[in-house]
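Visitor: Structure incoming, see below.
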Number of protein chains: 2
Amino acid sequence: MNKIFQRAKDHDNRDALAGFKELFHVPEGVIYLDGNSLGLMPKTCSERVRDVAQNEWSEGLIRSWSEAGWFHLPITVGNRIAPIVGAGENEIAVGDSTSVNLFKCLAAALKLRPGRKVILSEADNFPTDHYIANGLAGMIDGYEVCDLNPGDDLAEKLDESVAVLILSHVHYKSCRIRDIPMINKAAHKKGVLVLWDLSHTSGAVEINLKADDCDFAVGCTYKYLNGGPGAPAFAWINPRLQDQIDQPLSGWMGHLDPFAFTPGYRPAEGVRRLVCGTPQVLSLSTLDEALRLWEKVDRNTLFAKSRAMTSFFIGAVEEVCADQPLTLISPRDPAIRGSHVSFDYDNGYGTMRALAERRVIGDFRAPRTMRFGFAPLYLSFEDVARAVEHLKHVLDGQEWQRAEFNIRGEVT
Amino acid sequence: MNKIFQRAKDHDNRDALAGFKELFHVPEGVIYLDGNSLGLMPKTCSERVRDVAQNEWSEGLIRSWSEAGWFHLPITVGNRIAPIVGAGENEIAVGDSTSVNLFKCLAAALKLRPGRKVILSEADNFPTDHYIANGLAGMIDGYEVCDLNPGDDLAEKLDESVAVLILSHVHYKSCRIRDIPMINKAAHKKGVLVLWDLSHTSGAVEINLKADDCDFAVGCTYKYLNGGPGAPAFAWINPRLQDQIDQPLSGWMGHLDPFAFTPGYRPAEGVRRLVCGTPQVLSLSTLDEALRLWEKVDRNTLFAKSRAMTSFFIGAVEEVCADQPLTLISPRDPAIRGSHVSFDYDNGYGTMRALAERRVIGDFRAPRTMRFGFAPLYLSFEDVARAVEHLKHVLDGQEWQRAEFNIRGEVT
């Protein structure tokens, strides 16, 4: 392990992002490799949310809708996310969950492609994407979801029956990165729209929504963006489409003039028409706070650190655990790998539990995937080296035998 | 005014709920008649939300999904609301906005009545109800929204083409109460399901969802339930229907076994199948905190105080402002009046602004409705008498002339 710790030190000495770690609360003794599930809390968030309750809500009351900017939060918070994902000003709406935003965007896509009745959906995508696609298609006679299975030829599946293709940019289990420019081009050639799920992308992996001519994107903010548990999701629509969008979750907060209380729905201009009901201000303001520190983050440095860190982890594990039957299911090429690393292992569940007892927190995806996430903003290479050392001890000592068998109870 | 203050004192001396006021933060000098828009903050909420961030999120991290009970919050918070609306244990799911919940319930109702293609919707309902009904019908060929206009004979409109009728129990402007048992019976006789919007009901007006054999109900928690700005909404489905419900916002958190990550959606048992994406935990926990004080509230005392207070306000206004052209648009009969009182007045906007300058906060609904809300938990009759005295001064002194003309910027 000595050489590995030396390599870690070399990396850390060159890490231009090392200063960000102190902006987060790290529980005593914890090495947190689960920022791809729920990000650490930026230290200022707990005071900010108390302040929003104490001053904006209890003192300001309803006038905070204008004076504290609550009404505009879905867009102002979106503007903080925009540079992280390669989007422009006023192009992102924040609110509701990722699932609800998937529904809005898929429904809008179907309206844009009348006559086409197929949603093409990756069968092994994160389940909610597939569930929502099926929920939507099941509402409307004649519509259906066509599964894209591993090994299928995407180009063959893209035909004139397909309205929209839904894919994750970074796969939640394997961490494989999809080739966005190539897929967009292939889809557009057949008139198919593409909805990208950026849940495992935003805040860790390079993405250029506008430059790569994407159509729709949604994403999660409680992973690498550290917005807090269940923080509201974001949705982006290419500006060339925004004013044509007609989506069925047409709540009053997406109306052109909500306070006119007129009977007919008229969508707001641009992406604001994706806003539906009244936003959950306490959660949304906390996300706003968490995003403030991103103003000082250099995107390319961040993405490079993610790649270096996952490479470092894979190399170290394969070096010190060479005698263990671990199967790397993440890509070996950092150019097509996101910010977590997954190993399949028969004793994976017990191993993750034993690591947790050593305060190394990763997560487990049934039936046998051990998932280690690397949030570049608050992890050092030394943290990663120490995690590998713990993993070696757990495996060598067969500590996985001691973990009780309960493979539920933790959340992506 | 002396007699009015004396009557107020008599009421206050008999008020069994008087002790609750001190549990709320009331801004210095404010008389708050807008609890029907955004309720005051229970004093413990700001500390609770900071604590959830500080301890459950930043210290507990992902294990809080099980150990802090985050996963079950949609149902445990629903169980706090149940007794207030006459529902049973595990019958209410909390999360998302009222608008999103309207969509889920309407879509579920359409599935329960195949072949019926009409949503009957009150044209002058709070706009979001009507917008959502139209958004849903507009997705599916052959479906339509039929308007129920003021003066229409409801019985005539209920026929075999109608799948579901959507109504507010308490009208957001007039405050008129609909006769739930009678309407449910008339609708059920024609096989029509009824979705009740309880946004202006829950926490102030008597409602017995189960005893009155309702089908569906949704409601807002940031008004009389004081859950905070944009607090998550609730949805109830009659237990006789729950296991037949198939709703299209089929996100992973409503799955029977979300952590199995299986490709096919299987709805959770009971009302949990209305949960869609990951809940916004900070907002939901704050609502949980706000609902704790309801354990000690006697429902019937609360509803009686609401009726007494609105009657007292109407009587006092009509007595001391008798020479002013105010038109009461709320029912005079307290049995069919909810917990706010609306007067139409040509100078209504300026009047509400002038009252706000005097720290009497009500709200205004275009084009000419002055709306005064009476939250029985934290208002005294003396507060109401003082509000009437201010109103008299504003009207007598024509203070409405000084208010700038800007009829936007405040939110229901």
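Read-outs: derived from the displayed coordinates by stated rules, not from any lab. As the structure is a prediction and not an experimental result, all values here were calculated from the model. Neighbour counts are summed over all protein chains in view; Cβ atoms, including those assigned to glycine, are modelled from backbone coordinates with ideal geometry.
Visitor: Put +1 on the Cβ of every Lys and Arg and -1 on every Asp and Glu Cβ in segment B:261-412; which of B:Pro325, B:Gly338, B:Ser380 then has its Cα farthest towards the positive end of the dipole?
Guide: The Cα lying farthest towards the positive end belongs to B:Gly338.
Visitor: Just to confirm my numbers, what's the Cα centroid distance between segment B:1-64 and segment B:233-308 in Å?
Guide: Comparing the Cα centres of segment B:1-64 and segment B:233-308, I get a distance of 24 Å.
Visitor: Have a look at the DSSP beta bridges in chain B and tell me what percent are antiparallel, nearest 5.
Guide: Antiparallel: roughly 55 percent of the beta bridges in chain B.
Visitor: Okay, moving on. Tell me the net charge near B:Gln6. Cut-off is 12 Å between Cβ atoms, B:Gln6 excluded, with +1 for each Lys or Arg and -1 for each Asp or Glu.
Guide: 0
Visitor: Could you tell me which of rounded, prolate or oblate describes chain B, using a ≥ b ≥ c as the square roots of the eigenvalues of the alpha-carbon gyration tensor, with rounded for a/c under 1.5 and, failing that, prolate when a/b is larger than b/c and oblate otherwise?
Guide: oblate
Visitor: Going toward the positive end of the dipole of chain A, with +1 on Lys and Arg Cβ and -1 on Asp and Glu Cβ, which of A:Val218, A:Gly264, A:Gln244 do you reach last?
Guide: With unit charges placed on the Cβ atoms, the residue in question is A:Gln244.
Visitor: Test of understanding: extend the Cα→C-beta vector of A:Leu293 to 7 Å, then name every residue of segment A:18-35 with backbone N under 11 Å from that spot.
Guide: It comes to A:18-26, nothing else.
Visitor: About the Cα centre, and with charges only on the beta carbon of Lys, Arg (+1) and Asp, Glu (-1), how big is the dipole of segment B:275-369? Nearest 20 debye, please.
Guide: So the magnitude is around 140 debye.
Visitor: I would also like to ask the following. What length, rounded to one decimal in nm, is gained on full extension from B:Leu256 through to B:Ala335, with 0.36 nm per residue of separation minus their alpha-carbon distance?
Guide: Stretched out fully, the B:Leu256 to B:Ala335 stretch lengthens by 24.2 nm.
Visitor: Which shape class applies to the protein assembly as shown: rounded if a/c is under 1.5, otherwise prolate when a/b exceeds b/c and oblate if not, where a ≥ b ≥ c are the square roots of the Cα gyration tensor eigenvalues?
Guide: It is prolate, given that a/c is not under 1.5 and a/b is the larger ratio.
Visitor: Another question about this same structure. Along the Cα→Cβ direction, 7 angstrom out, place labels at B:Glu357 and B:Arg402. What is the inter-label distance in nm?
Guide: If labels sit at B:Glu357 and B:Arg402, their model points lie 0.3 nm apart.
Visitor: Here is a follow-up. How big is the charge dipole of the protein assembly as shown about its Cα centre, in debye rounded to the nearest 20, if each Lys and Arg gets +1 on its Cβ and each Asp and Glu gets -1 on its Cβ?
Guide: So the magnitude is around 120 debye.
Visitor: How much net charge surrounds A:Lys117 when only the other residues with a Cβ under 13 Å from the Cβ of A:Lys117 are counted, with Lys and Arg +1 and Asp and Glu -1?
Guide: For residues surrounding A:Lys117, the net value is -2.
Visitor: About its Cα centre, what dipole magnitude does chain A give when the only charges are +1 on Lys and Arg Cβ and -1 on Asp and Glu Cβ, stated in debye to the nearest 20?
Guide: With Lys and Arg at +1 and Asp and Glu at -1, about 260 debye.
Visitor: Charges on Cβ only, +1 for Lys and Arg, -1 for Asp and Glu, centred on the Cα centroid of the protein assembly as shown; of B:Met41, B:Phe364, A:Ala107, which one is farthest towards the dipole's positive end?
Guide: B:Met41
Visitor: Same structure again: Starting from a label point 7 Å past Cα on the Cβ side, list the distances from B:Asn149 to the same position in the other copies, nm, shortest first.
Guide: Spelled out, the distances from B:Asn149's label point are 5.6 nm.
Visitor: Are there DSSP H segments in chain B that both extend 20 Å or more along their axis (alpha-carbon positions) and score a mean Kyte-Doolittle hydropathy of at least 0.0? List them, or say none.
Guide: Qualifying helices: B:98-112, B:299-320.
Visitor: Also, I was wondering about something else. Quote to one decimal, in nm, the extra length available between A:Glu318 and A:Glu59 on full extension: 0.36 nm per residue of separation minus the C-alpha distance between them.
Guide: 87.5 nm
Visitor: Using Cα-Cα distances under 8 Å and only pairs 6 or more residues apart, what relative contact order does chain A have, in percent?
Guide: 23 percent
Visitor: Averaging sequence separations of C-alpha pairs under 8 Å and six or more residues apart, then dividing by the length of segment A:72-215, give the relative contact order as a whole percent.
Guide: Over segment A:72-215, the number comes to 25 percent.
Visitor: Let me ask another. Quick check: from the Cα gyration tensor, does segment B:165-278 come out rounded (a/c under 1.5), prolate or oblate?
Guide: Since a/c reaches 1.5 but b/c is at least a/b, the shape of segment B:165-278 is classed as oblate.
Visitor: If you don't mind, there's one more thing I want to ask. With 25 Å as the limit, write out which pairs from A:Lys43/A:Lys223; B:Lys104/B:Lys296; B:Lys3/B:Lys43; A:Lys210/A:Lys305; B:Lys21/B:Lys296 have Cα-Cα distances beyond it, or answer none.
Guide: Checking Cα-Cα distances, B:Lys104/B:Lys296; B:Lys3/B:Lys43 exceed 25 Å.
Visitor: Quick check: pseudo-label points 7 Å beyond the Cα along Cα→Cβ at B:Arg7 and B:Lys189, how many nm apart are they?
Guide: The two pseudo-label positions are separated by 4.0 nm.
Visitor: Treating the point 7 Å from Cα along Cα-beta-carbon as the label, what are the nm separations from A:Gly315 to the other copies, to one decimal?
Guide: From this label point to the equivalent ones elsewhere in the assembly: 8.4 nm.
Visitor: Right, here's the next one. Provide an ascending nm list, one decimal, of label-point separations from B:Lys3 to the equivalent residue in each further copy; define each label point as 7 Å from Cα along Cα→Cβ.
Guide: With the label placed 7 Å along Cα→Cβ, B:Lys3 yields 9.9 nm.
Visitor: Multiplying the sequence separation of A:Glu269 and A:His393 by 0.36 nm and subtracting their Cα-Cα distance, what value in nm do you get?
Guide: 38.9 nm
Visitor: Another one. Test of understanding: extend the Cα→C-beta vector of B:Glu89 to 7 Å, then name every residue of segment B:62-78 with backbone N under 18 Å from that spot.
Guide: Taking a point 7 Å out along Cα→Cβ of B:Glu89, the residues of segment B:62-78 whose backbone N falls under 18 Å are B:72-78.
Visitor: Turning to a different aspect of this structure: Which parts of segment B:222-262 would a label at A:Thr76 reach, counting a residue when its backbone N lies under 14 Å from a point 7 Å out along Cα-to-Cβ?
Guide: none
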